[in-house]
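The values are calculated or read from the model by the stated rules, or taken from the named source; none is laboratory data. Just so you know, these numbers come straight off a predicted model, no measurement behind them. No Cβ is skipped: glycine too gets one built from the backbone with ideal geometry, and neighbour counts run over all protein chains shown. Protein only, heavy atoms only, side chains kept; ligands, DNA and RNA dropped before computing areas. Shrake-Rupley method; radii C 1.70, N 1.55, O 1.52, S 1.80 Å.
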Amino acid sequence: DGGITQSPKYLFRKEGQNVTLSCEQNLNHDAMYWYRQDPGQGLRLIYYSQIVNDFQKGDIAEGYSVSREKKESFPLTVTSAQKNPTAFYLCASSISLTYEQYFGPGTRLTVT
Amino acid sequence: DAKTTQPNSMESNEEEPVHLPCNHSTISGTDYIHWYRQLPSQGPEYVIHGLTSNVNNRMASLAIAEDRKSSTLILHRATLRDAAVYYCVLFEGGSEKLVFGKGTKLTVNP
């Protein structure tokens, strides 16, 4: 089955530690995205990538970093510089930037 | 960023039609209107999108006002599985990104 996988589903870290969230897709999509969702809120764009080895900052990129070394993979690192990292993180992909997006199941990160 | 306004919540009865409204008065000519829905603790699911004309697919219909300042997502026969938060989202052609609002929580009563 084609789709987007995110792992793990739940992640717990201590404050001050960097943590990397995984996102893999086998839909052969060129574009990939990372969003953050806080309770009762909509999604906010962190980073997006149109093609391999290229990515752009979204609306809330501070404290996050990404890489796009393979078409299938778009990992997100939450660094210690992110002031409020506890949130639900969603990865998505699309054929290209102008097409509908397909979302993964999300990773709920808790930092204490 | 272009913004959308939706009611916080709506209720419907099973097997009845549901009309979910969305206002986007600052929409620009190149912005597409997308709708997604999200179940608790899951990723959003694409529903439908359009630019100017009304659109239909197997999940829903999208009615876009002539001036494009508002749109309505129509679920023709609501089922219990349609209970979700529905997001009306503008795809900004210039910045090439989706801008999400808070959405409408739809409750479907049996």
With N set to the number of residues, divide the alpha-carbon radius of gyration of the range B:36-83 by 2.2 N^0.38 Å and report two decimals.
1.25
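Taking the Cβ of residue B:19 as the center, what net charge do the other residues with Cβ under 14 Å away carry, scoring Lys and Arg +1 and Asp and Glu -1? Spell out each step's value before the answer.
Values: positive: B:77; negative: B:11, B:16, B:82.
Once all neighbours under 14 Å are counted, the net charge is -2.
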Show me, for the range A:15-29, the HN-Hα J-couplings you get by feeding each phi into the Karplus relation (A = 6.51, B = -1.76, C = 1.60, θ = phi - 60°), rounded to Hz, glycine and proline as x.
4, x, 9, 7, 9, 10, 9, 8, 9, 10, 9, 10, 8, 6, 7
Long-range amide H partners of residue B:78 with built H, under 5 Å
B:15, B:16, B:18
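Can you sort B:34, B:76 by solvent-accessible area, 1.4 Å probe, largest first?
Descending accessible area places them as B:76, B:34.
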Order A:80, A:65, most accessible first, counting only protein heavy atoms with a 1.4 angstrom probe.
A:80, A:65
Inter-chain Cβ neighbour average for residues A:54-62, partner chain, 10 Å:
1
Just the number please: accessible area per residue for the protein assembly as shown, 1.4 Å probe, all protein chains included, in Å².
50
Count, for each residue of B:39-48, the Cβ atoms from other chains sitting within 10 Å of its Cβ, then give me the mean as a whole number.
5
Mind listing P(r) for chain B? All alpha-carbon pairs, 5 Å bins, whole percents.
2, 13, 24, 26, 19, 10, 4, 1, 0
Output wanted: per-residue J couplings in Hz (rounded whole) for the range A:74-81, from phi through Karplus 6.51 cos²θ - 1.76 cosθ + 1.60, θ = phi - 60°, x for Gly and Pro.
8, x, 10, 9, 9, 8, 5, 6
Formal net charge of residues neighbouring residue A:64 (Cβ-Cβ distance under 12 Å; K, R +1; D, E -1):
+2
Ordering A:95, B:64 by accessible area with a probe of 1.4 Å, largest first, what comes out?
A:95, B:64
Per residue, what volume in Å³ does the convex hull of the Cα atoms of the range B:53-110 enclose?
108
Relative contact order computed over chain B (Cα-Cα under 8 Å; 6+ residues apart), in percent:
37
Can you send over the carbon and sulfur percentage of the accessible area for the protein assembly as shown, probe radius 1.4 Å, protein chains only?
48
Estimated FRET transfer efficiency (residue A:9, residue B:11; beta-carbon r; R0 30 Å; 0.05)
0.45
When only Cα pairs under 8 Å and 6 or more residues apart are kept, what is the percent relative contact order across the range A:20-112?
31
Computed over the range B:63-110: relative contact order in percent, which uses C-alpha pairs under 8 Å that are six or more apart:
33
How many Å² of accessible surface get buried when B and A come together, counting both sides, probe radius 1.4 Å, rounded to the nearest 100?
1600
Could you bin all the Cα-Cα distances of the range A:36-112 into 5 Å bins starting at 0 and give me the percent of pairs in each, rounded to whole numbers?
3, 14, 25, 28, 18, 9, 2, 0
